[in-house]
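Data first, discussion second: the structure below is written as structure tokens.
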Amino acid sequence: MIEFENVSKTYEQQPALNDLNLTINDGELFVLVGPSGSGKTTLLKMINKLIEPTTGTVKIDGQDVGAADIRQLRHQIGYVLQAGALFPNMTVEQNAAIQLDQLDWDVRQKHDRINELLTRVDLDPQTYMERMPSELSGGEAQRVGIVRALASQPKLILMDEPFSALDPLSRRRLQQLVLKLHQELACTIVFVTHDMQEAIKLADRLAVIHNGDLLQVGRPQEIIANPASEFVADFFDDGTTRNLFLSQVLKTGFGRLPEPADQPVKLAGTDTIFTWADLLNQHPRQLVTVDDLVLEPQDLLSYMSQIGQVS
């Protein structure tokens with residue numbers, strides 16, 4: 001559990017965070033979202049002591065981060081930066097194993113661990129182990145950055161706008177990868193983004209931050225349905241947000257009555273089309289039921305096509 005207690009941060013008498021209180025639970029994929037300059041990255045960096053609060057306390061599992069040994073603290077936390085941030089003179093394997101070097105893993109252990117993780121992030125180890133960063137695409141470099149963060153098996157991963165520099169296709173693929181890894185590894189992920197749709201897709205819960213103030217915390221659909229302020233409502237209302245929810249799919253006319261042979265998976269109207277797409281990615285022929293109506297796989301493509309025509 002991560003706890004921020006009355007945390008404030010001031011830079012040259014300019015406030016960046018204002019008396020903020022927040023709890024992030026174990027195992028959550030928690031997203032800090034807000035416009036650029038809102039204070040979300042400052043908050044993230046307090047978790048691994050890259051930034052210390054001017055006032056207040058940050059705790060991990062009840063222990064004050066401010067009193068922790070920096071090396072021990074950071075060995076327990078994986079950190080994914082923007083654009084991978086790989087060392088240009090080191091191979092993929094060497095970049096990915098940096099923290100394992102500091103932990104004195106032997107050569108075989110390191111090699112086996114990086115081999116396993118490259119496979120997990122869909123990079124063939126035989127192809128990529130000896131490549132240099134200059135030989136990687138942006139998406140590949142970021143996958144290596146994720147491997148590096150996961151290498152020492154930390155329970156906590158920090159991700160600071162990791163996909164902001166990527167093209168839309170690479171971004172979608174890596175979002176999907178993060179969801180898969182979070183499910184498989186059962187770790188806590190704290191993810192920073194200024195992209196509202198990215199926040200909706202990824203978050204178990206999210207916190208909206210603006211001008212250093214914590215405006216609202218909750219599940220994405222709860223915040224969209226009941227925004228705490230006009231700013232929150234405007235931030236999440238880009239004309240397409242409501243189209244992300246399965247309740248809107250039904251309102252648009254999709255869905256049929258169930259038949260005896262159906263074996264659907266039940267989803268809620270507050271689930272998003274991302275949840276539906278993730279399910280179909282694993283089981284392409286799977287039917288789903290929402291509010292007693294059945295949605296078929298082809299309905300998703302038809303619905304997305306319809307959204308595109310409207311927008």
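Bear in mind these aren't lab numbers, they're just calculated from the coordinates by the rules spelled out. Keep in mind it's a predicted model, so treat the numbers as computed, not measured. Every residue, glycine among them, receives a Cβ derived from its backbone with ideal geometry; neighbour counts consider all protein chains shown.
This structure gives semi-axes √(5λ) of the Cα gyration tensor in Å, computed directly, and of (i) 34, 20, 19; (ii) 34, 27, 17; (iii) 43, 19, 17 that value is listed as (ii).
Relative to the present Cα-Cα distance, how much length would full extension add between residue 261 and residue 19 at 0.36 nm per residue of separation?
Full-extension gain reported as 81.5 nm.
Each residue in 196, 159 was given a count of other beta-carbon atoms within 10 angstrom of its own, and listing them fewest first yields 196, 159.
Pairs of Cα atoms nearer than 8 Å and 6+ residues apart set the relative contact order; for the chain it is 19 percent. Note on the range 2-236: Lys pairs 8 or more places apart or on different chains, Cα atoms under 26 Å apart, count 21. Helical content of the chain, expressed as a calculated mean residue ellipticity at 222 nm, amounts to -11000 deg cm²/dmol (DSSP H runs of 4 or more residues, -39,500 (n - 2.57) each, divided by residue number, nearest 500). Of all lysines in the structure, the ones whose alpha carbon falls short of 20 Å from that of residue 251, not counting any fewer than 8 places away in one chain, are 266. In the elastic network of the chain, a GNM with C-alpha springs shorter than 10 Å, the most mobile of 34, 78, 138 is 138. For the range 135-240, the antiparallel share of DSSP beta bridges with both residues in that region comes to about 50%.
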